[in-house]
1. For the B and A pair, go ahead and give the buried accessible area with a 1.4 Å probe, both sides summed, in Å² to 100.
2. Give the cross-link partners of B:LYS163 among the lysines, using a straight C-alpha distance below 18 Å as the criterion and excluding same-chain residues fewer than 8 apart.
3. Quick one: Debye curve from the C-alpha atoms of region A:68-136, no solvent, what's log10 I(q)/I(0) at q = 0.11, 0.13, 0.18, 0.21 Å⁻¹?
4. State the Kirkwood hydrodynamic radius of the protein assembly as shown in Å, one decimal place, computed from all pairs of distinct Cα atoms.
5. Give me the net charge of A:MET106's neighbourhood, meaning all other residues with Cβ under 14 Å from the Cβ of A:MET106; Lys, Arg count +1, Asp, Glu -1.
6. All other residues with a Cβ under 10 Å from the Cβ of B:SER389 taken together, and with Lys, Arg as +1 and Asp, Glu as -1, what is their net charge?
7. For chain A, modelled as a Gaussian network with Cα springs under 10 Å, which listed residue fluctuates most, A:GLY256, A:GLY103, A:GLY208?
8. Let me confirm the definition first: pairs of Lys residues in region B:348-421, 8 or more apart or on different chains, C-alpha distance under 17 Å. How many are there?
Amino acid sequence: MIHTRNLPFITTLGIFILAYILCVTQYPNMLSTRVIGNLLTDNAFLGIAAVGMTFVILSGGIDLSIGSVIAFTSVFVAVMVGSLGVHPLVAFAAVLAISTIFGSAMGAMIRYLGIPPFVVTLAGMFLARGAAYLISTESVPISHPVIDAIQGFYFRVPGGGRLTALAMLMLIVFLLGAFVAARTRFGANIYAIGGNQQSAELMGVPVGPTTVGIYALSGFLSGLAGIAYTLYTSSGYSLATVGVELDAIAAVVIGGTLLTGGVGLVAGTFIGIMIQGLIQTYIVFDGTLSSWWTKIVIGILLFVFIVLQRGIIWYSDRRLAESRLKEV
Amino acid sequence: MAESYPLLEARGIGKAFLGIAALDGVDFTLGRGEIHALLGENGAGKSTLIKILTGVYSRDRGTLQLDGAEVTPASVADAQKLGIGTVYQEVNLLENLTVAENLYLGRQPTRFGMIDRREMRRRSKALLTRYGLDIDVDALLSSYSVAIRQIIAIARAVDLSGKVLVLDEPTASLDSHEVETLFTVLRRLREDGLGIVIITHFLNQVYAVADRVTVLRNGRLVGTRDLANLPRLELISMMLGRELQHMTRERQPGDETITTTGEAPIRFEGYGKRGSVAPFDLAVRPGEVVGIAGLLGSGRSETAFLMFGIDRADSGTATIDGKPASLSSPESAIGHGFGFCPEERKTDGIIGDFSVADNIALALQASRGWAKPISSREKQALAESFIKSLDIRPASTEKPIKLLSGGNQQKAILARWLATEPRLLILDEPTRGIDIGAHAEILKMIERLCAEGMSLVVISSELDELTAVAHRVIVLSDRRHVAELVGKQVTTDNILQAIASRTEAA
Ligand SMILES: Nc1ncnc2c1ncn2[C@@H]1O[C@H](COP(=O)(O)OP(=O)(O)OP(=O)(O)O)[C@@H](O)[C@H]1O
Ligand SMILES: [Mg+2]
């Protein structure tokens, strides 16, 4: 049975498959594992961050700090490893701890001080960006045997494609994210809070710890995305990844998650990321289009999906009325 | 031994909001295998007491013992763990989740640390079967009617609690058949030794199901009594602190003339909408009260939606003062002088953070247009007069309406529409959740408004209420207007018969 609440996801999947087929009829090469491998690698850091954003939006919140946290992470790691000679794994652990604590603090302010997530994470955005500038305003290159090893690691896929460590990391994060959302109590509580916080509270959902947990998770995943970004670019730069949170939000919404919370799937966000990547790849293949077309197409898709979601709400209301009729 | 203690014992409970006492030294004792009714006027403190027992509010003073052990539930989850489960007046579960997810939220069966969806589904089915519900537990909660959702909420709470079950106005949106189903369940749970607290404004139900009753008034305990030897009138005067003036309406000679003669300025002919209500004819004259009766889901509210332009008719015409009128939206209906007080006031009506005065003035302001603001003095006077006539408590115009008790919020919404002085006012369940004293006040007010020439359409599940106020009653069944009773024909028996004969025929 197809739930109306999964309809946006199914639509997104349909659009993705259709768009892919169109691309392939024009450029058969786009079906190659090489292109697909690159698609995954190029979008790994965005995908990881978008998983965190999915949880935040499912709970009815928003996290605007993601792009800044990614920049902070990359600068922090680059300086620690490049300038101070700290072992990369130690730097990774330290930065993940920092970003998780940072996220928890934002969650706690949202919950216990009653400040709207938009405001708290906006402040967090400035704070993290400022901290990144404080560490360094230069682009800091990074090189270390461990980092080189991770960057160089991949599985060869039939057809010449490479499944890189970054791509695998993203896929694992998506799988774990989907698991947490669908199969754990924490996940169920997030949907409950996104549906109606007051009702959830009266039904015994631990709203406080869950809220803190959601933003902690988003912080952690932003940190992990920052590490992925550092590995991807081999450098840290405090001016990088401006507005990545908006790309993440776009992926989540295109993936069928309601901005008001309570409805959506982690898998949808994956498709949302892939759609964005597909458009970029198409532009690269085409060679004549400006890369700004990506933004335009994403903008159009966002509009389409918001209208679609309205339509679905309208449709399910009508079905409700009809099923009540049958009850009588 | 635990048996020597009452199941739940509260002593000297006190609670104040912003320095104003909502509860003052209240004692409450609940035994095992007992159904205990908690009664009192709107704002008496019933919901507040319940919320203290179930961990929503913390008490300022007093002690609470469960099975003889001192407890202080810090949260709802905490109370649930102790064995106290609740269905709140305001809660409607979560519409974005499936039935099964709602039933097992927070206590999902797990396998290897994962939520076991198959098991959850199986248990949900089994659980609901005990309540006579055979529904798709994988469907979203929002796809079921309010009545079914209420039963699901009760099933969840019963299943959760184990020791104490608290129900705050659980029957407000159930029809008589569903109420009976619920009571059967409650009686069975009583046999199992559960202690059940039930808040309701329906005295019939209190006598039908409860063993004992505790009455609160203005936050204080009036007394706890066995219902077996408590006459109804005495119970009422315990609640109100005075005798209730009789509330049934004397049929005035001449009522019949109102309904049968005279041109009806508002008429609906062949008005209907496919899949909603079959085409009907309805004419309303000034000063007339038309009652609409029928079972839940028979199309009562849908009739109102059509008349008020919330739903658009796809057949028939509406005529006002001899001219065809288009009722394509609530705005156009308001433009024709219509008013509508919907059934789900909680969600459709109140603006929680606005003051009582603002909430009352809202519809009047809208009908005047925003360019002509109501002066604050006028608003104040308006609010004060309705607070007085409907006995809204606390009698403050400035309080945010969300801080009022459920019943008092309803009164304020009713006031909102009365303030616009509409020529036709449609009331869907006007007295639901309203205490027996205010109930009588509202019926009196309806009569006064008619005497002033307003027309009213009153939808109600309470037949006593309809027979008390209506000059004419339309009976609905299966989304069709099946009978019309006029004047002396308007009796509870006749209405029941009209409903029953149709239901059997169908
Ligand atoms: N959160 C709150 N803040 C301030 N005042 C409150 C709050 N909750 C309740 N009150 C006040 O406490 C009093 C008791 O309210 P309560 O909701 O317990 O009444 P009730 O007996 O349940 O009435 P009803 O039958 O209308 O539901 C009311 O005067 C109400 O305005
Ligand atoms: Mg109440």
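1. 2600
2. Partners found: B:LYS51, B:LYS81.
3. Listed by q, the Debye log ratios stand at -0.30, -0.40, -0.68, -0.84.
4. 30.2
5. Result for the neighbourhood of A:MET106: -1.
6. It works out to a net charge of +1.
7. A:GLY208
8. Working: B:LYS379/B:LYS388; B:LYS379/B:LYS399; B:LYS379/B:LYS411; B:LYS388/B:LYS399; B:LYS388/B:LYS411; B:LYS399/B:LYS411; B:LYS402/B:LYS411.
Lysine pairs, 8 or more places apart or on different chains, close enough: 7.
The values are calculated or read from the model by the stated rules, or taken from the named source; none is laboratory data. Since the model is a prediction, treat every value here as computed from it, not as a measurement. Note that each Cβ is placed from the backbone with ideal geometry, even for glycine, and that neighbours are counted across all protein chains shown. These accessible areas exclude ligands, DNA and RNA; they are computed on the full protein's heavy atoms, side chains included. Shrake-Rupley method; radii C 1.70, N 1.55, O 1.52, S 1.80 Å.
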